[in-house]
Structures are given as structure tokens and as C-alpha cells.
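Report on one structure; see the data block that follows.
The values are calculated or read from the model by the stated rules, or taken from the named source; none is laboratory data. Note that this is a predicted model, so its numbers are computed, not measured. Glycine also receives a Cβ, built like all others from the backbone with ideal geometry; neighbour counts cover every protein chain displayed. What goes into the accessible areas is simple: the full protein's heavy atoms, side chains included, and nothing from ligands, DNA or RNA. Shrake-Rupley method; radii C 1.70, N 1.55, O 1.52, S 1.80 Å.
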Amino acid sequence: AKTDQYKANALRLETQKNFSDFSGYLKSLEMELTIQKVNSFNITRIAQMTMKTNQFNLTTIRYTEDDIQRLVDANEQVFCVSVKDKFGDNGITGAIILKKADEYSLEIDSLLLSCRILGKGIETAFVYQILKLLKEQKIKSILASYIPTSKNEQVKDFYDKIGFILIDENHE
């Protein structure tokens, strides 16, 4: 599978050279995102991603499969995203864990994406689709945190870029 992923990435890079504008290139990929709630088939991959993902991981909280199962048992919301394009299927490459803050508010406990899909707008599309789903559930506010590490600095402004409003900046 890794060999196929490397070949697909090489094809993506080669195709990108044919485009003068990046948005045209992205459109040509014919990307499909599939968002799923956590289930018995994807819980292992979600836990694995929390353990390994550093660059696009806004809190770097680590979870085992048992931890994620406890979240599910506590009625917290856990979703993952799979990404495929005309060159291949990247599989589950992102996850978001939301915890209840109160009756109408949730907090993004964890938001992470594999580095192999970054830079294509997938992170924004994923979060917007989750926010749309939460709005349908009558959730009125979403809280989020960024906890800086030596490896995740590239995402320090992510929430600003997608329209979240800073309400507290704590440097503890």
C-alpha cells in the first residue's frame, strides 16, 4: 500500500506541473472526502493518528483505543475523514474529537490531519462540514484550543484562518 501511495503522490506532483494556478490543480484531482462517526472499523486508526500525528495536531493529546471508546461511551463526538482522488485512496487521514462543554456548546478536544494530505484545503473543508453538522444538532458555540509544541507551529493560526474568534490567550 505504501508503494502505491508513493506512486500516486508522484503522479500528483507531475500533474501539478501542468497547472499555472493551484486551484485548477486541486479541482483536477477530483477529491472526495468521506466523514464518518467513530465505529468499530475506524477506532484503531483514529487512536493511531492521535499517537503519531504531530504537524497538524492542534492539541497533541494522545488517545488509546480504550480512551476513544470511553469518549464514545460518554456520548462525546468523534469523527474521521477519508480522502481519495483520481490517483488513489489515502484512507483515514484526519480526525476530530469534540467534548460537551454544556447543553449547547462543544469543545474541539483534538483536531488532526495526516501530513500527506495537507495543503489541499482538506483541513478547512473537514472542519466546515463538522461545523455544519453541529449546527444541525442545534449546537450554538464551538470552543477550540491550540497548544503549541515544537512540531505543530505551522497550525498556530489555523482557527483564526477559518473564522474562529480569539477569546483568551493563555501562555501557561
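Under a Gaussian network description of the chain, with springs only between Cα atoms under 10 Å, the residue in Glu123, Glu30, Glu153 that fluctuates furthest is Glu30. Rounded to the nearest 10 degrees, the inclination of helix 122-136 to the longest alpha-carbon principal axis of the chain is 40 degrees. Label-to-label distance for Asp102 and Leu13 is 5.1 nm, based on points extended 7 Å past Cα in the beta-carbon direction. Taking a ≥ b ≥ c as the square roots of the Cα gyration tensor eigenvalues, segment 75-157 comes out oblate, since a/c reaches at least 1.5 and a/b does not exceed b/c.
Largest GNM mean-square fluctuation among Gln69, Gln137, Gln129, using the chain with Cα springs under 10 Å: Gln137. Computed from the alpha carbon atoms alone, the convex hull of segment 112-163 holds 85 Å³ per residue. Based on Cα contacts under 8 Å between residues 6+ apart, the chain shows a relative contact order of 22 percent. Remark on the chain: Rg and Dmax equal 16.6, 50 Å (Cα only). Build a GNM of the chain with springs between Cα atoms under 10 Å apart, and of Tyr25, Tyr146, Tyr63 the one that fluctuates most is Tyr25.
Within the straight-line cut-off of under 22 Å between alpha carbons, the lysines reachable from Lys140 are Lys37, Lys99, Lys100, Lys132, Lys161, sequence neighbours fewer than 8 places apart in one chain being disregarded. Roughly how many percent of the accessible protein surface of the chain is carbon and sulfur, given a 1.4 Å probe and a whole-percent answer? Here carbon and sulfur together make up 50 percent of the probe-accessible area. Accessible surface ranking for Cys80, Cys115, 1.4 angstrom probe, highest first: Cys115, Cys80.
The convex hull around the C-alpha trace of segment 8-51, projected and averaged over every direction, spans 4.6 square nanometres. Between segment 1-79 and segment 96-121, the alpha-carbon centres lie 12 Å apart. Estimated from the Cβ-Cβ distance and a Förster radius of 22 angstrom, the FRET efficiency linking Gln36 and Asp168 is about 0.10.
With a 1.4 Å probe and all protein chains kept in place, how do Lys99, Lys120, Lys140, Lys52 rank by accessible area, largest first?
Of Lys99, Lys120, Lys140, Lys52, the descending order of accessible area is Lys140, Lys52, Lys99, Lys120.
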